[in-house]
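K.L.:
Sharing a structure with you now.
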Amino acid sequence: MQAEVITIGDEILIGQIVDTNSAWLGKLLNNEGIDIHQIRSIRDTSDDIGHALKSLHPETELVVFTGGLGPTRDDKTKQTLADYFGVSLTHHPEVERHIEQLFSRFNREVNKFNRSQAWLPANCIPLFNEKGTAPGMMFRENGLLIFSLPGVPYEMKHLMEDRVIPLIREKMTIHQEMVHRTLLTQGVPESILADKLQEFEDQLPPDIKLAYLPSPGRVRLRLSGKAPKGNEIKSRVEGQFAVLHRALAEIVYGEGDEEMEEIVGSLLREKGKTIGVAESCTGGYISHLITRVPGCSDYFRGSLVTYAYDLKENLLNVPNDILLSEGAVSQPVVIQMAKRAAEVLNVDYAISTSGIAGPGGATDEKPVGLVWIGIRTPESVKAYQFQFNGDRERIIRKASLMALDILRRALVGKSEFVRTY
């Protein structure tokens with residue numbers, strides 16, 4: 001089945017909000033074996049909505065609109081769909097009763113604009129929306145299935161999961177199967193991975209593809225298989241995924257949607273160990289990543305963000321003469337930071353960072369992107385030097401992820417690793 005996703009709203013086009021709906025929809029529909037042909041964002045005007053309907057790809061069988069269903073005059077979707085199908089708007093008392101009940105919970109009066117949301121195109125099947133006032137709508141025309149949903153993400157997701165997906169499964173036959181497996185790699189850029197995997201890609205069958213999905217500090221590798229049902233595409237993708245995993249074993253840290261901080265947290269909890277952090281150039285970003293994970297209090301005790309020289313001296317006992325002779329961005333400094341952080345925070349493991357995130361502060365000997373990362377384990381204390389590229393934000397993220405990967409490797413007993421960034 002081929003589908004198109006169309007998000008409606010001037011606020012998307014002018015950058016006022018980020019369109020997260022289409023990414024979520026793409027993933028959900030793909031998991032159902034539906035092939036997304038196109039995703040578009042358009043203005044909330046009758047002309048643009050009408051043009052989007054008239055310019056659908058000939059093989060499209062499913063269309064999902066989001067947005068433009070509010071009660072105000074700038075929401076044009078409902079009337080435009082009625083005009084497109086040549087029908088009038090009709091009143092749905094059950095929708096109006098829902099709106100009244102919703103407003104009564106907050107002691108608010110239902111005005112004429114709110115009541116207008118109970119008027120829908122005569123040929124639509126309303127999709128009841130427990131999360132908001134705007135119902136979704138379903139249309140069928142010449143084998144084409146069209147859904148129009150609110151743009152508010154939590155309302156749209158509710159309707160997709162509880163209403164739309166069951167209807168799609170019921171009304172349309174999906175003839176092909178789609179399978180994805182994702183491998184997570186750390187520390188090696190996309191171009192070097194592509195060179196290393198040339199032979200692997202050459203031997204892939206035509207119905208299995210490898211995609212590179214880079215982001216600061218990591219590259220996700222997605223294997224995708226698409227074939228008619230009954231073609232054993234899942235087992236064939238699994239076989240190729242195992243080959244890929246073996247080829248990159250030294251730089252793989254996880255699979256699927258796992259995040260580095262989740263993997264590290266699971267390892268710490270599993271081993272009953274604690275972690276603390278001493279940060280300079282990363283400015284608390286490592287601590288932010290760690291504390292994004294629910295339940296991190298099981299293993300994370302705290303952090304010290306010691307940006308200034310005097311804080312490194314007073315809180316982490318970094319000797320003043322080392323700071324003056326070696327500079328803050330140096331091996332002995334991050335080693336002392338990690339050692340002292342472990343003592344002050346009373347943890348089993350401590351990681352430390354000091355570097356030059358830029359754009360200023362560099363010298364010929366210490367360019368922008370130079371970062372030292374230290375780690376203190378129950379057995380030893382070590383420091384590693386890196387040269388990261390990119391702007392300030394990218395350098396901070398790369399350094400933070402690398403620090404967590406160093407911790408991960410210590411927890412699983414891997415001391416050596418590829419250092420390319």
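K.L.:
May I ask you to compute the full-extension gain from Ala249 to Asp298, defined as 0.36 nm times their residue separation minus their alpha-carbon distance, rounded to one decimal in nm?
P.N.:
This chain segment gains 14.7 nm when fully extended.
K.L.:
Next up: If R₀ is 22 angstrom, what is the calculated FRET efficiency for the pair Asp10 and Gln79, using the beta carbon separation as r and rounding to 0.05?
P.N.:
0.85
K.L.:
Okay, moving on. Give me the net charge of Cys124's neighbourhood, meaning all other residues with Cβ under 12 Å from the Cβ of Cys124; Lys, Arg count +1, Asp, Glu -1.
P.N.:
+1
K.L.:
So what's the back-of-envelope 222 nm ellipticity for the chain, counting only DSSP H runs of four-plus at -39500 (n - 2.57) apiece and dividing by all residues, rounded to 500?
P.N.:
-11000 deg cm²/dmol
K.L.:
Relative contact order, percent, of the chain when contacts are C-alpha pairs under 8 Å separated by at least 6 residues?
P.N.:
Over the chain, the number comes to 11 percent.
K.L.:
Using the Cα centre of segment 1-101 as the reference point, and only Cβ charges (+1 on K/R, -1 on D/E), how large is the resulting charge dipole? Debye, rounded to the nearest 20.
P.N.:
60 debye
K.L.:
Where does helix 21-31 land angle-wise versus the long Cα axis of the chain, in degrees 0 to 90, nearest 10?
P.N.:
Here the helix axis deviates by roughly 90 degrees.
K.L.:
What fraction of the DSSP beta bridges in the chain is antiparallel, stated in percent and rounded to the nearest 5?
P.N.:
Of all bridge pairs located within the chain, approximately 65 percent are antiparallel.
K.L.:
If you don't mind, another one. Roughly speaking, what is the stretch gain from His288 to Leu324, that is 0.36 nm per residue apart minus the C-alpha to C-alpha distance, in nm to one decimal?
P.N.:
Extending this stretch completely gives an extra 10.0 nm.
K.L.:
Right, something else. Using the Karplus equation 6.51 cos²θ - 1.76 cosθ + 1.60 (θ = phi - 60°), what ³J(HN,Hα) coupling, rounded to whole Hz, does each residue of segment 382-390 give in order, writing x for Gly and Pro?
P.N.:
So the Karplus estimates, Gly and Pro as x, are 9, 9, 10, 9, 9, 10, 8, 10, x Hz.
K.L.:
On to the next question. Take the alpha-carbon centre of segment 241-319, take the same for segment 91-162, and report the distance between them in whole Å.
P.N.:
After rounding, the separation between the Cα centres reads 44 Å.
K.L.:
From the C-alpha coordinates alone, can you work out the Kirkwood hydrodynamic radius of the chain, in Å?
P.N.:
Evaluated on the chain, it is 25.2 Å.
K.L.:
What percent does the relative contact order of segment 260-412 come to when contacts are Cα pairs within less than 8 Å and at least six residues apart?
P.N.:
25 percent
K.L.:
Let me ask another. Where nothing but the Cβ of Lys and Arg (+1) and of Asp and Glu (-1) is charged, how large is the charge dipole of segment 176-255 around its Cα centre, in debye to the nearest 20?
P.N.:
Approximately 280 debye in magnitude.
K.L.:
Rounded to the nearest 20 Debye, what is the dipole magnitude of the chain about its Cα centre when Lys and Arg each give +1 and Asp and Glu each give -1 at the C-beta?
P.N.:
It comes to approximately 560 debye.
K.L.:
Same structure, new question: Can you give the Kirkwood hydrodynamic radius of segment 2-171 from its Cα pairs, in Å with one decimal?
P.N.:
After inverting the mean inverse Cα-Cα distance, the result is 16.2 Å.
K.L.:
Any chance you could list the semi-axes, whole Å, largest first, of the equivalent ellipsoid that the Cα gyration tensor gives for segment 183-309, using √(5λ)?
P.N.:
36, 18, 11
K.L.:
Work out, step by step, the length gained on full extension between Ala242 and Glu270: first 0.36 nm times the residue separation, then minus their alpha carbon distance; give nm to one decimal.
P.N.:
Length difference between fully extended and current span is 7.6 nm.
K.L.:
Applying 1/(1 + (r/R0)^6) with R0 = 45 Å to the Cβ-Cβ distance of Ile165 and Gln387, what FRET efficiency is obtained, to the nearest 0.05?
P.N.:
E(calc), rounded to 0.05, equals 0.40.
K.L.:
Which peptide among 351-360, 236-245 comes first, and what is the full order, when sorted by highest mean count of other Cβ atoms within 10 Å?
P.N.:
351-360, 236-245
K.L.:
How many percent of all Cα-Cα pairs in segment 260-412 sit more than 22 Å apart?
P.N.:
Considering segment 260-412, 33 percent of its Cα-Cα pairs are separated by more than 22 Å.
K.L.:
What order do you get for 26-37, 202-213 when each peptide is scored by the mean count of other beta carbon atoms within 10 Å, highest first?
P.N.:
Per-residue Cβ counts within 10 Å, averaged per peptide and sorted highest first, yield 26-37, 202-213.
K.L.:
Arrange the peptides 51-58, 92-99 so that the one whose residues have, on average, the most other Cβ atoms within 10 Å appears first.
P.N.:
92-99, 51-58
Bear in mind that the values in this text are calculations on the coordinates, not laboratory data. Please read all numbers here as calculations on a predicted model, not as lab measurements. Note that each Cβ is placed from the backbone with ideal geometry, even for glycine, and that neighbours are counted across all protein chains shown.
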